[in-house]
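The values are calculated or read from the model by the stated rules, or taken from the named source; none is laboratory data. This one's a predicted model, so the numbers in the text were calculated from it and none came from an experiment. The accessibility values were calculated without ligands, DNA or RNA, using every heavy atom of the protein model including side chains. Shrake-Rupley method; radii C 1.70, N 1.55, O 1.52, S 1.80 Å.
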Amino acid sequence: MDIFYAPRDALAQTMADRLSPDPIMGTPAGLFLAAPRRTGKSSFLRGDLMPHLRDRGLYPIYVDLWADPQADPGELIANVLAQELDALGDRRTRLLGALPFKTLTVAGFRIDLKQADGARSATLADALAEIGKRAAADVVFIVDEAQHALSSPTGMHAMFALKAARDAMNQTPDSTRLYLVFTGSHRDKLAGLTLTSKAPFFGAQVADFPRLDRSYVDALVDHINPKLADDNKLDRDDVEAAFKLLGYRPEKLTQVIRDHALGTAGSAGLRQTIRDRADALRALVWQQHESDFGRLTDVQRAVLRVLIDRGSDFAPFTPVTYAAVKRMTDHDVGQSQIQNALDDLRDKSLIWRPSRGVYALEDQDLREWLLAHIS
Ligand SMILES: Nc1ncnc2c1ncn2[C@@H]1O[C@H](COP(=O)(O)OP(=O)(O)O)[C@@H](O)[C@H]1O
Ligand SMILES: [Mg+2]
């Protein structure tokens, strides 16, 4: 079966245009783009942007800081760079000699390099400059789910090192350039890299990552309609309306089309669902919460419940919270248990903390869902 994918060439082009030293047209500080989960960010970066950058003669490197939730963001970055150095060191040995390093050290993580015979350890900046030199191309370093760098000191360390590498390469006249692209599923968290004067990319702007649009809907309809009977074709406006209700998530849309248009009621069934049962479509988005929520402990559920009940008055480390959690779980809890629960809930992206001591739910849908699901 062919796997449907709607290419996003125009967006790849626009984004690549912004990777330019031009202070007006380009964004030399780096691109920061945010959009909710499952809306097509990673697919675009890997399937559209990277090939397009290669066509333009740039050298893209991709790292997903969510690839392995157990791994430290600094370590993930170190691994990706070591792989690149090994690959390029291998390819260019005769032209440029072996790599002048023995190991690579990023944020305290040291990795042995295979294709090297130097004596010293490369820093992140050394590694990126060497990659640019060997690839003979400007490097674009793409950090997906970059907000996870905020979750560990080594992650932040790696971000500061990236900034230093960018400045070093871009200020050295004969060096290839370094461009940075950061994406994330949480706009406010991503802004943690740019908002305060202590943040590594202070002053950069976080923009919305463009959601899939009508051309995606058209491509999907063009893909499916030939397989449907003449009297059961999908209507583009219906599909677009459903896509919107589903928060622009392709997987949900595919599921709805499978359940409705391909079911006994046919495409008319889809229209009827959009008109009369929009709530049912929204409920599909909730299934995501259902699977996240299912893995929570009693204490985590109770902390969430207290947070919802108390809203902006929620104070985690108070007798009121301890008592409420004890009532719901029969466990005696103190500061460390509550702190652990909050940390886990943050890791699962159920809650976020915009500033010290203030916690809030990740999104409004979640509130409705939780009230309907926890007694
Ligand atoms: N252009 C596209 N055409 C078809 N399906 C897409 C497209 N972009 C994303 N998808 C699908 O949407 C889902 C979520 O995409 P993903 O890139 O993982 O989102 P994110 O990185 O924002 O969480 C995946 O199943 C993916 O195949
Ligand atoms: Mg992704």
For the range 24-164, compute the orientation-averaged projected area of the C-alpha convex hull (one quarter of its surface), in nm².
9.2
Given N residues in the chain, what is Rg(Cα) / (2.2 N^0.38 Å)?
1.15
If you wrap the range 168-270's Cα atoms in a convex hull and average its projection over all directions, what's the area in nm²?
9.9
Mean-square fluctuation check for the chain, GNM, Cα pairs under 10 Å: which of GLN147, GLN70, GLN115 is largest?
GLN70
How big, in percent, is the set of alpha carbon pairs in the range 153-193 lying more than 13 Å apart?
61
Based on alpha-carbon positions alone, could you give the equivalent ellipsoid semi-axes of the range 1-105 from the gyration tensor, as √(5λ), descending, whole Å?
27, 20, 16
How big is the Kirkwood radius of the range 214-276, worked out from every pair of different alpha carbons and given in Å to one decimal?
11.3
Taking the solvent-accessible surface of protein heavy atoms with a 1.4 Å probe, what is the per residue accessible area of the range 214-276 in Å²?
53
Over all directions, average the projected area of the Cα convex hull of the range 202-323 and note it in nm².
12.1
What percentage of the solvent-accessible surface of the chain, computed with a 1.4 Å probe over protein heavy atoms, is contributed by carbon and sulfur atoms?
49
Under the √(5λ) rule applied to the eigenvalues of the Cα gyration tensor, what semi-axes describe the equivalent ellipsoid of the range 48-118? Give them in Å, descending.
22, 21, 7
